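I have placed the structure first, in the form of structure tokens, so that the comments after it can refer back to it.
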Amino acid sequence: MLLGMTTDQTVVTLAGLAAIIAVNRYFLAGRPALAAAAGASGTQNVTVVVDSSYSPAVIEVQAGQPVRLRFDRRDTGSCTEEVVLGDFGIRRFLPTGKITTVQFTPQHPGTHEFSCGMGMIHGKLIVK
Ligand SMILES: [Cu+2]
């Protein structure tokens, strides 16, 4: 029993705490999005490690500001050798061991898929 509370109040408080923790865990687990940090120039820089998958796979950026995605490709499989951001008309070859920069400015809020050239590996760009 917590200080100055009846047993019933303590139970309610603990149940409330448990609910808050459960909700936080749900959102943290379900939304592993990385929000881009805008630099002094207003460009939103995000490094995406390409190693048989995209990490982070979900990226959040702000509309109306330039986005610079830095694809750091580490694997050698042919699957990930190209990245496609179809909604922005971008298809880029990613040499292994190099960082390939893709730059564009999303004008409107929305969700855009990006993928490997074959459409097998996916990521998501959320424009807020
Ligand atoms: Cu592929």
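The values are calculated or read from the model by the stated rules, or taken from the named source; none is laboratory data. These numbers were taken from a predicted model, which means no experiment stands behind them. Cβ: placed from backbone, ideal geometry, glycine included. Neighbour counts: every protein chain shown. We work out accessible area using only protein heavy atoms, side chains counted, and drop any ligands, DNA or RNA first. Shrake-Rupley method; radii C 1.70, N 1.55, O 1.52, S 1.80 Å.
Here the stretch 76-88 is the region considered, the condition is being within 16 Å of the ligand (Cβ to nearest atom) and of a type outside the set (S, T, N, Q), and the residue that is most open to solvent (accessible area, probe 1.4 Å) is Glu81. Take the stretch 35-72 and flag every residue that is part of a strand (DSSP E or B), free of Cβ contacts under 8 Å to residues at least 60 places away in the same chain and under 15 Å from Leu85 (Cβ atoms). Selection gives Gln44, Val46, Val50, Val67, Arg68, Leu69, Arg70, Phe71. Please specify each residue of the stretch 107-128 satisfying the condition of being in contact (Cβ under 8 Å) with a residue 60 or more places away in the chain, closer than 17 Å to Glu81 by Cα and open to solvent by less than 80 Å² (accessible area, probe 1.4 Å). Within the stretch 107-128, Phe114, Ile121, Gly123 qualify. Kindly indicate whether Phe104 is surrounded by 15 or more Cβ atoms within 10 Å (Cβ to Cβ), within 16 Å of the ligand (Cβ to nearest atom) and closer than 15 Å to Val46 by Cβ. Spelling it out, it is not the case that Phe104 is surrounded by 15 or more Cβ atoms within 10 Å (Cβ to Cβ), within 16 Å of the ligand (Cβ to nearest atom) and closer than 15 Å to Val46 by Cβ.
Here are some residues: Arg91, Arg73. Which one is within 14 Å of the ligand (Cβ to nearest atom) and buried (at least 17 other Cβ atoms within 10 Å of the Cβ)? Exactly one of Arg91, Arg73 is within 14 Å of the ligand (Cβ to nearest atom) and buried (at least 17 other Cβ atoms within 10 Å of the Cβ), namely Arg73.
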